[in-house]
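The values are calculated or read from the model by the stated rules, or taken from the named source; none is laboratory data. This is a predicted model, so every value here is computed, not measured. So basically every Cβ, Gly included, is an ideal-geometry build from the backbone, and we count neighbours across all protein chains shown. The accessibility values were calculated without ligands, DNA or RNA, using every heavy atom of the protein model including side chains. Shrake-Rupley method; radii C 1.70, N 1.55, O 1.52, S 1.80 Å.
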Amino acid sequence: MNDEIGADERERNDELELRRLRWRCRRGMRELDQLFGRYLDRAWRQASDAERGVFLRLLETEDDKLWHWFMGHETSSDAELQRLVESIGKLPP
């Protein structure tokens, strides 16, 4: 019974966090909005706490840098950010 309550609470917290993140993922570029939305829809719930932290750091990055990273014109000097960018880029539409 206690595990069910904990799981329910965790799920509610995840949903609240997802709503906040969807707002934070709204960028000046539709393409970035779509990439981040895809990650939230397909990978966020299963992501480890460490990966979620990397995603939050990714959201702090300027749009122009993000766009160059996702397009492959540049790479991030931060290996964790670069891995996540590549992972997000491979998610199906």
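Write down the accessible area per residue of the chain in Å², having rolled a 1.4 Å probe over the full set of protein chains.
Values: 6450 Å² over 93 residues.
Accessible surface, normalised per residue, equals 69 Å².
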Review point. Could you give the angle, 0 to 90 degrees to the nearest 10, between helix 79-90's Cα long axis and the longest principal axis of the Cα atoms of the chain?
Key: 90 degrees
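How large is the convex hull of the C-alpha atoms of the chain per residue, in Å³? Write out the running numbers ahead of the final one.
On the way: hull volume 8.6 nm³, N = 93.
For the chain, the hull spanned by Cα atoms encloses 93 Å³ per residue.
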Point to revise | Apportionment of accessible area to carbon and sulfur, the chain, percent (1.4 Å) | key: 47 percent
Point to revise | Counted charge near Asp49, where neighbours are those whose Cβ lies closer than 15 Å (Asp, Glu -1; Lys, Arg +1) | key: 0
**Study point:** HN-Hα J in Hz across region 53-61 - Karplus 6.51, -1.76, 1.60, θ = phi - 60°, x for Gly and Pro
**Key:** x, 5, 4, 4, 5, 4, 5, 7, 7
Practice item. Report the full-extension gain for the segment Glu80 to Leu32: residue separation times 0.36 nm, less the Cα-Cα distance, to one decimal in nm. Key: 15.4 nm
Review point. Which value, in debye to the nearest 20, describes the size of the charge dipole of the chain about its Cα centre when Lys and Arg Cβ atoms bear +1, Asp and Glu Cβ atoms bear -1, and nothing else is charged?
Key: 340 debye
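Just order 51-61, 68-78 by mean Cβ neighbour count inside 10 Å, highest at the front, would you?
51-61, 68-78
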